[in-house]
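The values are calculated or read from the model by the stated rules, or taken from the named source; none is laboratory data. Quick caveat, the model's predicted, so the values are computed rather than measured. When we count neighbours, we look across all protein chains shown, and the Cβ atoms used for this are built from the backbone with ideal geometry, even at glycine. These area figures cover heavy atoms from the full protein model, side chains too; ligands, DNA and RNA do not enter into them. Shrake-Rupley method; radii C 1.70, N 1.55, O 1.52, S 1.80 Å.
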Amino acid sequence: MRLDLLRGFCVVVMVADHIGGERSWMYILTGGNRFFTSAAEGFVLISGIVMGTVYANVIRREGMNAMLKKVMKRAGLLYVLTVSLTIVFALLSYLIDSPWSRTMTPTRPLEFLLSVGTLHRSYSITDVLMLYTLLVFATPPLLYLLGTGRTRIAFAGALALWGLWQVSPADVQFPWNVVDGGFPFAAWQLPFAMGVIIGYHRESISRLLTPARRVAIVVAGSVLAIVLILAFQLTIADRASEQPSALAWLLSSDLVFGKNDLRPGRLLALVGVAIFAFALVSMLWVPIRRGLGWLLLPLGQRSLGAYGIHLFILVLTNISISDFLRIGNDNTLLQVASIVLIWALLPVIPWLGEIEHLASRVAPLTHPFTRRASLRARAAQTG
């Protein structure tokens, strides 16, 4: 449930940053898509951890063949969702003449459909879903290596592929070049592979982590996260000055913290922030769950459905119907209203639960609406 809650927080960050705007109080929490790591890295890492945990049990109980069948079934459903949502979202974006539709590579309609259907073309905002689909398709070989005791080979391969992308991306278009794809597979497979390895060996890692080692890791991660937050504030202040410092230039450099290529600084930031966030949620689990669990747990447990809904919310926020929620240049109210609307729609749309059941791990939806309905049904059964 801690992973669900953190994934729910990633949904909140994603929605707020995608809606964007010049100003918002939400940026205090989200970083306004300018921080050294983002919701995308969090999604990829957590998805890997969950997948490694779930399919480790499948391999131990049912064997490799069962794992392969279940993973490919999941990948097939994700493929259908990716293609469908990309085409529908692209059409709606074109009809409203959205800002992001003007930046896409021009093409003919039939060519667009064929390239999206063969996963050779993505679209703004939906590109992370294509990345996730490709990652799931590529998971069986990784799980096979882990299941046969070749963890070091698996990690070395993932690290080498990421390293080659950093040095010469033109030579590592793996599995192929994707038009308008903002998340190159060769770079972004590393945090996913790290997550799968952590999830698969979760019990072994837990046994290796003595209390002293746990404290050391939490302290190191927390210090790194705090340093990054302070550095982020420094870069904001320096950008406002006429002569930015060399440190601010370094922290803003795409060579160090570039998101598209998942540069080394960004990867290090992900590790630090992930350790800090997980430790914080673990230590303050009771108050955090009581205060924010009603919102973050449903969003995390139905993150795929939340992602799909947010695409249509994003279209609505770019037409005049949403102008009354904007206060001058401040988009706080619009972002908060969008997040609450997505949360409210999760138990209302019936097929979302089935999609999550098939495409992700099985998790009961911890939502006030479903809890009240369950209590009413139980009361009716008992008379």
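Figures for the structure shown
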| read-out | value |
| --- | --- |
| Close pairs (9 angstrom Cβ cut-off, 6 or more residues apart or separate chains): of a type in the set (Gly, Ala, Ser) in region 242-266, in a helix (DSSP H, G or I) and at pLDDT 80 or above anywhere | Ala248/Ala231; Ser253/Gly265; Gly258/Gly265; Gly258/Arg266; Gly265/Leu255; Gly265/Val256; Gly265/Phe257 |
| Boolean, Arg2 is under 29 Å from Val286 (Cα atoms), in contact (Cβ under 8 Å) with a residue 40 or more places away in the chain and open to solvent by 50 Å² or more (accessible area, probe 1.4 Å) | yes |
| In region 298-324, the residues that are surrounded by fewer than 21 Cβ atoms within 10 Å (Cβ to Cβ) and over 20 Å from Ile125 (Cβ atoms) | Ser320, Asp323, Phe324 |
| Residue satisfying condition, being open to solvent by less than 10 Å² (accessible area, probe 1.4 Å) and at pLDDT below 95, within set Val58, Val80 | Val58 |
| The one condition in (1) open to solvent by 50 Å² or more (accessible area, probe 1.4 Å); (2) among the polar types (S, T, N, Q); (3) closer than 15 Å to Ile49 by Cα that Asn177 fails to fulfil | (3) |
| Matching helices (runs of 4 or more DSSP H) fully within region 303-383 where at least 3 residues are modelled with pLDDT of 60 or more and under 27 Å from Gly48 (Cβ atoms) | 303-316, 332-345 |
| Selection from region 100-118 of residues that are touching a residue at least 12 places away in the same chain (Cβ under 8 Å) and open to solvent by 70 Å² or more (accessible area, probe 1.4 Å) | Thr103, Leu113 |
| When residues of region 252-285 are limited to those that are aromatic (Phe, Trp, Tyr) and buried (at least 16 other Cβ atoms within 10 Å of the Cβ), the one nearest to the chain's Cα centre (by Cα) | Phe278 |
| Search result, residues across region 310-342 that are touching a Leu at 6+ places or on another chain (Cβ under 7 Å) and among the charged types (D, E, K, R) | Arg326 |
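Residue-by-condition table, conditions (1) among the aromatic types (Phe, Trp, Tyr); (2) within 30 Å of Phe155 (Cα to Cα); (3) at pLDDT 90 or above:
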site	(1), (2), (3)
Met194	no, yes, yes
Tyr200	yes, yes, yes
Leu208	no, yes, no
Pro211	no, yes, no
Val227	no, yes, no
Asp238	no, no, no
Pro244	no, no, no
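Yes or no, residue by residue, for (1) open to solvent by 70 Å² or more (accessible area, probe 1.4 Å); (2) aromatic (Phe, Trp, Tyr); (3) more than 22 Å from the chain's Cα centre (by Cα):
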position	(1), (2), (3)
Thr37	no, no, no
Leu68	yes, no, yes
Gly76	no, no, no
Phe89	no, yes, no
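Here's the yes/no breakdown for (1) basic (Lys, Arg); (2) closer than 25 Å to Gly195 by Cα; (3) touching a Leu at 6+ places or on another chain (Cβ under 7 Å):
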{"site": "Ile49", "(1), (2), (3)": "no, yes, yes"}
{"site": "Glu62", "(1), (2), (3)": "no, yes, no"}
{"site": "Thr86", "(1), (2), (3)": "no, no, no"}
{"site": "Thr105", "(1), (2), (3)": "no, no, no"}
{"site": "Pro109", "(1), (2), (3)": "no, no, no"}
{"site": "Asp127", "(1), (2), (3)": "no, yes, no"}
{"site": "Pro140", "(1), (2), (3)": "no, yes, yes"}
{"site": "Tyr144", "(1), (2), (3)": "no, yes, no"}
